[in-house]
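To start, the structure under review is shown below, and the notes come after it.
The values are calculated or read from the model by the stated rules, or taken from the named source; none is laboratory data. Since this is a predicted model, take the numbers as computed values, not measurements. Cβ coordinates were reconstructed from backbone atoms using ideal geometry, including for glycine residues, and neighbour counts include every protein chain displayed.
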Amino acid sequence: MQLKAMIVNLIYAIIGGFITLFFMYVGFKLFDRLTDFDTSKELAKDNRAVGMVVLGIFVGVGIAIGLVIGLGLN
């Protein structure tokens, strides 16, 4: 019984990781569309302000989705 719960939790964690990565990608693309500059080009030019905003997006989405997934585990 304990092994079954561990396997199910592992599967939830793996699926949750992919869902988190997907939402991080969507958040980055949404930010890129909302701004009037190309985020990827600005990051390539070493624009640290844009980098900090993208960092905030990734950390915020990662924490939010991670908490939702973590609360869903047994």
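Which ones in the range 32-61 are in contact with a helix residue (DSSP H, G or I) (Cβ under 6 Å, 6 or more places away or on another chain) and touching a residue at least 24 places away in the same chain (Cβ under 8 Å)?
The answer is Ile57, Phe58, Val61.
Does at least one position in the range 40-63 carry a residue that is modelled with pLDDT under 90, of a type in the set (Gly, Ala, Ser) and surrounded by 15 or more Cβ atoms within 10 Å (Cβ to Cβ)?
Yes; the residues of the range 40-63 include at least one that is modelled with pLDDT under 90, of a type in the set (Gly, Ala, Ser) and surrounded by 15 or more Cβ atoms within 10 Å (Cβ to Cβ).
Can you find even one residue in the range 35-42 that is in a helix (DSSP H, G or I) and hydrophobic (A, V, I, L, M, F, W, C)?
Here is the first cut: in the range 35-42, the ones in a helix (DSSP H, G or I) are 39-42.
With the extra rule that they be hydrophobic (A, V, I, L, M, F, W, C), the set shrinks to none.
Scanning the range 35-42 turns up no residue that is in a helix (DSSP H, G or I) and hydrophobic (A, V, I, L, M, F, W, C).
Scanning for something surrounded by 15 or more Cβ atoms within 10 Å (Cβ to Cβ), small (Gly, Ala, Ser) and out of contact with any Leu (no Cβ under 6 Å at 6 or more places or on another chain), does the range 23-35 turn up at least one residue?
yes
Would you mind stating whether Gly16 is modelled with pLDDT under 85 and surrounded by 14 or more Cβ atoms within 10 Å (Cβ to Cβ)? Before the answer, list the steps.
Details: modelled with pLDDT under 85: yes; surrounded by 14 or more Cβ atoms within 10 Å (Cβ to Cβ): yes.
Here the answer is yes, as Gly16 does meet what is asked.
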